[in-house]
Amino acid sequence: MTTVVAQRPKSLSDVVMNYCPGCTHGIIHRLVAEAIDALDARERTIGVASVGCSVFAYNYFECDMQQASHGRAPAVATGIKRVLPDRLVFTYQGDGDLASIGAAEIVHAAARGENITVIFVNNANYGMTGGQMAPTTLLGQKTTTTPLGRDPKTDGFPIRMAEMLATLQGPAYIARVSVHSPQAVKQAGDAIKKAFRLQAEGKGFTLIEVLSTCPTNWGLAPNQALKWLVENLIPFYPLGEFKKEEGGA
Amino acid sequence: MRHEVIMAGFGGQGMMLAGQLLAYAGMLEGKYVSWYPSYGPEMRGGTANCTVVVADEPVASPVVSRASAVIAMNRPSLERFEGTLAPGGVLVYNSTLIEQGPTRTDIKAVPVPANALADELGDKRVANMVVLGALLAVTGVAKPESVVASLRKTLPERRQNLIPLNEQALAKGAEAAQGAAAKA
Amino acid sequence: MSEPKLMKGNEAIAEAAIQAGCRYFFGYPITPQNELPEYMARRLPEVGGVYLQAESEVSAINMVYGAAGAGGRVMTSSSSPGISLMQEGISYLAGAELPCVLVNIVRGGPGLGGIHAAQSDYFQATKGGGHGDYRLLVLAPGSVQETVDLLQEAFDLADKYRNPVMLLGDAVLGQMMEAVRLPRDLDEPLPPPPPPESKVWATTGAVNRSRNVINSLYIEPERLEKHNWHIQEKYRRMEAEEVRYEAVQVDDAGTVVVAYGTTARIARTAVDEARRQGLKAGLFRPISLYPFPYQALREAAGRARRVLVVEMSCGQMLDDVRLAVGERCPVEFYGRPGGNIPTPQEVLDRIAGKGGEAK
């Protein structure tokens, strides 16, 4: 007799992903797929891929998907949700997409309490285009467009999106998680499941910010990248729940 | 037959609505009609005006450069639109608010004390119907009955009781216009 | 058919769209089209639809993208500067082959320009507008009634070709009230629109089928090329099947006036007056601006002594008229750049060969 102890979630496609070795996008994809499976919702979920490293996410989730233009995933998700209010709708966006070019869209989707779930992957740089400064790049952090390190005099300050959006009345649930350790992955999975569950219950806007590594552009080995995340990103981007089921529709 | 009427006043003097009723009346009489509003960045103050065309043939442009008639409810409107009247055109103006009439002599000026007549009827708001009644009497753009029919069609149920008052205002305007014409 | 009603163009468009089954509207305020979204905000909830005021035109067009991809019959409206902001999203809609209706109540430009009527967005509307090799099917009504009549068709054409359809109006058509007959009276019940699931390609949830993807990204050159040939094939089909125009007294006309939309109304009056004065003039009015009626205009011009193009722009449709006419006869132009509307007399003067050089 055999017992299945681990398998690919039904909502995750059986394809090779394009992510770099050591990048944690793959783990986050799996957590999202598991959250959809936990609600047995693959057939009534529509995902929205954004522009960035996760641009091909529409190939990786085994549910209906739309590909949005850069930054506009929350607007696209809004359009979908207003036509199909009983389906689950999520966006999967990086930090450049969500916090820079798409800042207006995320703020207003959150303010409307739009009943969607946003997965916000923060790796503190523009990964796909080769490691440029992102709105979440830390002060002093070197990128291809801040070769001497981010200087607030010329480059401004990083944005804590989870905290900022949590000041709005619309959101029902906002949390920041990480995936640097098995324990952190477990907690991240729980938060993502909670967000999808709240959406299914019609509670309103939910957003999970996930701290992620970018070994290639950070110039670090995968294990060093995880260490760098713990030592540098988490102190500035603390993990936790910033908004819990207050606002929303 | 082609009437091109500019109707102008302060916002709140009811010229836009009177213009719509005139266009509606023309439509009920089987004419080609258009109504075109002035619109701008300012929401209040200034002049509000509209252009109504009532014709036997399709309306080319709802914006006219030469009007066959003008209604001016206040001094700024008269100053602005007196010049757009075609020679022989009709100028109905609200003599309650406009003491000094037009300077042109090649037009037909019809002073109507619209506010005073509306006050006599007990409702300031029907001053617009008074001048409309005057315009109809002098130009024959549409029949007063058609304006009343338009009111019946467009007023909500709870406002239908205002129709007799509006009918009286139209009649009072017509009477005043005829009096003014007799004097002229 | 309803009784004749006196309606503003903007409101008539909104009601006709709802009667054509539109249940989703996303927009952002801009003069001179505000009565359209305001009407939608009142009326759509009554018929079980959704009105949403977006945070920008950029968001509005992307909401349209999401809703169209989810199978909804959806539209947006704006005016020139707002339509410029939407161009990226419109390119994505065309690339992802999503049906929707876009209304442009054109105002003068460039930049903030003005708030009065113009026809200076012809290039943007008919030649693509955003990046990439795509076209919108562009319809240009000449009256409030024709606007209403074209709306049902606009939605059906959008679905037929899975391509955005643009209704190109202007501030005169939007702001003017005219007598109009709607397909139904306002208190008549409307049939329910077809469910989103009736569009088998839409992302409505992968129930008993493989998953659907709405996408315009083809990273492999071979696949992108194949996709582009596929959408080009649709445009060739539109060019063969969807040409619309009106020709008035062009058969014996020495001067064929070419004008569309509001300008065509003015040209029509001038042509009628010219005939009364014994001048043989005719009017050729393109109704579909893309596909442009090249062939029909070529034939009309072949019999004429000259062609006179009249526009509320400095000469945009003029290019297409020249392409159609070629060397068959001279093409003259009279235009005003928007804000001020040409008068019938100005056009008549040009028909009569007066009025000096064309502006």
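The values are calculated or read from the model by the stated rules, or taken from the named source; none is laboratory data. Predicted model only: the values in this text are computed from it and were never measured. Cβ coordinates were reconstructed from backbone atoms using ideal geometry, including for glycine residues, and neighbour counts include every protein chain displayed. We work out accessible area using only protein heavy atoms, side chains counted, and drop any ligands, DNA or RNA first. Shrake-Rupley method; radii C 1.70, N 1.55, O 1.52, S 1.80 Å.
Taking strands (runs of 3 or more DSSP E) as the structural unit, those lying wholly within the stretch A:159-249 and holding at least 1 residues that are of a type in the set (Lys, Arg) correspond to A:173-178, A:240-244.
Condition test on C:Gly353, is it over 22 Å from C:Ala125 (Cβ atoms), assigned to a strand (DSSP E or B) and of a type in the set (Gly, Ala, Ser)? No. Of the residues making up the stretch A:116-137, those that are more than 13 Å from chain C (Cβ to nearest Cβ) and open to solvent by 20 Å² or more (accessible area, probe 1.4 Å) are A:Tyr126, A:Thr129, A:Gly130, A:Gln132, A:Met133. In summary, B:Ser65 fulfils each of the numbered conditions (1) buried (at least 23 other Cβ atoms within 10 Å of the Cβ); (2) within 11 Å of another protein chain (Cβ to nearest Cβ) with the single exception of condition (1). Say we look at the stretch C:214-230 and pick out the residues that are touching an Asp or Glu at 6+ places or on another chain (Cβ under 9 Å) and surrounded by 19 or more Cβ atoms within 10 Å (Cβ to Cβ); which of these is nearest to the other protein chains (Cβ to nearest Cβ)? Filtering first and then ranking leaves C:Ile214. Scanning the stretch C:23-37 for residues that are among the aliphatic types (A, V, I, L, M) and not in a helix (DSSP H, G or I) yields one hit, C:Ile30. Counting only residues that are facing chain C (nearest Cβ under 8 Å), open to solvent by less than 10 Å² (accessible area, probe 1.4 Å) and touching a helix residue (DSSP H, G or I) at 6+ places or on another chain (Cβ under 6 Å), the stretch A:84-107 holds 1 of them. Kindly check whether there is at least one residue in the stretch B:141-152 that is at pLDDT 95 or above and closer than 27 Å to B:Gly83 by Cβ. Among the residues of the stretch B:141-152, at least one is at pLDDT 95 or above and closer than 27 Å to B:Gly83 by Cβ, which makes the answer yes. Taking the numbered list (1) closer than 18 Å to B:Thr96 by Cβ; (2) in contact with a Pro (Cβ under 8 Å, 6 or more places away or on another chain); (3) not charged (D, E, K, R) in turn, B:Leu136 passes all entries but (1). None of A:Ala162, A:Ala195, A:Ala166 is open to solvent by less than 40 Å² (accessible area, probe 1.4 Å) and within 26 Å of A:Pro215 (Cα to Cα) except A:Ala162.
Per the listing C:Leu289, C:Leu297, the residue uniquely under 17 Å from the mean Cα position of the chain (by Cα), farther than 22 Å from B:Tyr32 by Cα and hydrophobic (A, V, I, L, M, F, W, C) is C:Leu289. Residues of the stretch C:319-340 that are part of a helix (DSSP H, G or I) and open to solvent by 40 Å² or more (accessible area, probe 1.4 Å): C:Asp319, C:Arg322, C:Leu323.
Here's the yes/no breakdown for (1) farther than 25 Å from C:Thr31 by Cβ; (2) open to solvent by 40 Å² or more (accessible area, probe 1.4 Å); (3) more than 14 Å from chain C (Cβ to nearest Cβ); (4) at pLDDT 95 or above:
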position	(1), (2), (3), (4)
B:Gly30	yes, yes, no, yes
B:Pro37	no, no, no, no
B:Asn49	no, no, no, no
B:Glu99	yes, yes, yes, no
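Here's the yes/no breakdown for (1) within 8 Å of another protein chain (Cβ to nearest Cβ); (2) open to solvent by 10 Å² or more (accessible area, probe 1.4 Å); (3) under 17 Å from the mean Cα position of the chain (by Cα):
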| position | (1), (2), (3) |
| --- | --- |
| C:Asn10 | no, no, yes |
| C:Met40 | no, no, no |
| C:Gly48 | no, yes, no |
| C:Glu55 | yes, yes, no |
| C:Ser77 | no, no, yes |
| C:Ile83 | no, no, yes |
| C:Met86 | no, no, yes |
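Checking each residue in the stretch C:242-295 for being on the phi < 0 side of the Ramachandran plot, open to solvent by 10 Å² or more (accessible area, probe 1.4 Å) and among the polar types (S, T, N, Q) picks out C:Thr269, C:Gln277, C:Gln295. Among the residues of the stretch C:25-38, just one is open to solvent by 30 Å² or more (accessible area, probe 1.4 Å) and within 14 Å of chain A (Cβ to nearest Cβ), namely C:Tyr28.
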